[in-house]
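Below is one structure, written out as structure tokens, with a few remarks after it.
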Amino acid sequence: VVLVSGSLSTHRTCHRDARAILECVGPDVSPDAIPRGASGAGGDDLPRGGGGSTGGSTAASKKRSKNRMFDDDDGGAPAWSPGAKKTGGDSKFVELLKYKTLRVGMKVLGVVTEVNDRGLTVSLPNGLKGTVTRAEASDVLAPVAKRKGGKKDAGDESESESESESEEEEMDEELDLTSMFRVGQILRCKVRNVGKGKSGGKRIDLATRLSQVCGNISGHSLHDGMAVPACVNSVEDHGYVLSFGCQEDPTGFLPRKSCPQSLADVLVRGSILDVVLSGGDESSGGKRARSKGSGGVMQCTADPKRVAQAVTHEGDGAAMSTLLPGMLVNARVKAVLPDGLQMNFMTYFQATVDAFHVGGGVHGAAPDPAAAHKVGERLRA
């Protein structure tokens, strides 16, 4: 007979039901054979909930049932017991990027998975997916959206202004997202909004135009040998005029001879690419040449080897807001975590590396961080 613990009235009802069952079974069975929850044989096996120990007995039984949730039938040890010590209680773990941890203003790396006339679909780390509207894809498209959204009176427009605007509209019609971006291209993105879409699912709005991604970087902090993203403002006979989206709006120029032919074939107005600053002019002698005012033009190169090996060093303008995803930095291992590494870089900053991004292991598998690296080791990340 199974009795349910509860209040005193419930206890009496269950007791009467038990006596009724005994009468049906036979008169030879004594009612005292039924465990009541009091002291004695079998008293601790079925707590009734009565008396002063009601809460403790019920809570203890719930805890025991919780601990035995993952136990085997042969009486194995519980998965966790309240008195057991947690292994590695002081250790830290790598916090992965999740939808709940995304915040407006965060900058992340993404891979273009779909391109159409209305915008881009970008794949983010850990299975996340974001969308980029046409106006937020490139800086050359942002003024177009503003002009189309604004309304002007026809009487206030002169003939020269209308002609210039018609020419600009013809140029804007030639701008095509499918020619600016390609599937598989890696882009730096800034989170604009996180919320629910029209269908009720998760929606992540991103911006890839450099005025949003690099808006916190000062143009005077750009120097020779620095790798930065750039946007093609115009295509000229001898090269490409670039903008960096930084403050003070410095201008760059990428000669055709410094651009690989495979990249030159796909570059159009509005395209985004990674370049390395190679100086202000030839008179600088290859030293740290910075753009001076709006008239300074910085020479650039798109050599893939130089772009991949360009290291970002500590500078006067180094801050959390000026760091960009994908920067190559000199780092030192501070601690080896169970699922990755904790590192220091640029003196002031700390970062973590997930086990899937730790080098020194088998390609495609998560290596053992402790076997691959040790505390104090210096490397590039």
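Brief remarks follow.
- Of the criteria (1) at pLDDT below 90; (2) of a type outside the set (A, V, I, L, M, F, W, C); (3) open to solvent by less than 90 Å² (accessible area, probe 1.4 Å); (4) in a loop (DSSP other than H, G, I, E, B), which one Asp139 fails: (1)
- Figure legend. Inter-residue proximity from the range 187-200: first residues modelled with pLDDT of 80 or more and β-branched (Val, Ile, Thr), second residues assigned to a loop (DSSP other than H, G, I, E, B) and exposed (fewer than 10 other Cβ atoms within 10 Å of the Cβ), beta-carbon distance below 7 Å, spacing 6+ or different chains. Indicated pairs: Val191/Arg103.
- Any hit, the range 223-230, residues being under 19 Å from the mean Cα position of the chain (by Cα) and not in a strand (DSSP E or B): no
- Among (1) of a type outside the set (Val, Ile, Thr); (2) closer than 18 Å to Lys107 by Cβ; (3) at pLDDT 95 or above - the single one Tyr240 does not satisfy: (2)
- For beta carbons closer than 8 Å, sequence separation of 6+ or different chains, a first residue in the range 300-317 that is closer than 24 Å to Ala264 by Cα and a second that is surrounded by fewer than 12 Cβ atoms within 10 Å (Cβ to Cβ) and modelled with pLDDT under 90, there are no qualifying pairs.
The values are calculated or read from the model by the stated rules, or taken from the named source; none is laboratory data. All values reported here derive from a predicted model rather than from experimental measurement. Don't worry about glycine lacking a Cβ; one is built from the backbone with ideal geometry, like all the others, and counts go over all protein chains shown. Surface accessibility is based on the protein's heavy atoms, side chains included, excluding ligands, DNA and RNA. Shrake-Rupley method; radii C 1.70, N 1.55, O 1.52, S 1.80 Å.
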